[in-house]
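Structure record follows, encoded as structure tokens.
Throughout, read-outs are computed from the coordinates displayed, never taken from laboratory work. Model, not experiment: these values are computed from the prediction. Here Cβ is always computed from backbone atoms with ideal geometry, including for glycine, and neighbour counts include all displayed protein chains.
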């Protein structure tokens, strides 16, 4: 009995894990929302939804740990909410439809694009990009202590330009002891805008000591030759950047790889931001 218990326990846990994944495929017998009824009225959209859920479950099986699996489940629930919001609007407001497409065609393309996203992978790799990015995030964060403010504050939506593209942006926080380095990325007027913050935890709350912003090249936030970075060493304290609740630590929808070089310096150099703003030389090895 004792020797068999661990195996039985593992089987039970595996079963519970599979049951915890929501059944996100649409049941047309129970379709209740305008978005579900729209999809169920189009045979090709129904087929696209079935293919999407096959790709989703296949990706779940590739998750290397429970944290990444939970992230994938939450990510897909987030996409379903955005899908329904977009399609509900097209049903209620036909004037929002692009001139050359029906609502059913848009539903098919939106669902197909999500399926393609699940299957995206680097050449020669069988690991989906969403999982690869999450693993890279875990590995990078493992170098530091983490903390209450570390994590991803992500916002995703179906872009209203043509209702077939889904995009995510995130405020990303990295923490090492009492230092927090953050990236606030947003999209507006066809361009991506980025702000970086350096903060210290004082009295249990982040106090920003330097900030920098750009909308294309990040040269404004990095020293180039004899030209110092242009950080603001006396920034106003942003009210919205730091979440009041714990944030998810990983998000495979977000490519955070461009963060890693500057964040590592930011988290390990006590005067980062203030020092480079003053034009003083900065050593990556400074402690």
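Quick notes on this one:
- Stokes-Einstein D (µm²/s) once Rh is taken as the Kirkwood radius of region 26-73 over alpha-carbon pairs, at 4 °C in 1.567 mPa s: 107
- The ranking of 105, 36 from fewest to most other beta carbons within 10 Å of each one's beta carbon is 105, 36.
- All-pairs Cα distance distribution in region 86-199, expressed in whole percent, bin size 10 Å: 11, 29, 31, 20, 8, 1
- As a proxy for reagent exposure, 30, 37, 195 were ordered by neighbouring Cβ count within 10 angstrom, fewest first; the result is 30, 37, 195.
- Overall shape of region 135-277 was characterised from the C-alpha gyration tensor. The equivalent ellipsoid obtained from it has semi-axes of 24, 19, 15 Å, in decreasing order.
- Site pair residue 161 and residue 187 shows an inter-label distance of 0.7 nm when each label is modelled 7 Å from Cα along Cα→Cβ.
- Label-to-label distance, residue 29 versus residue 178, with points set 7 angstrom from Cα along the beta-carbon direction: 6.1 nm.
- Once the gyration tensor of the Cα atoms in region 55-142 is diagonalised, the equivalent ellipsoid follows with semi-axes of 31, 14, 10 Å, ordered largest first.
- Estimated at 0.36 nm per residue, the fully extended path between residue 232 and residue 37 surpasses their Cα-Cα distance by 65.0 nm.
- Taking 0.36 nm per residue of sequence separation and removing the Cα-Cα distance, the residue 80/residue 125 pair yields an extension gain of 13.5 nm.
- Put in order of Cβ neighbour count within 10 Å, fewest first, the listed residues 75, 211 become 75, 211.
- Label point distance in nm, residue 260-residue 65, each placed 7 Å from Cα along Cα→Cβ: 1.6
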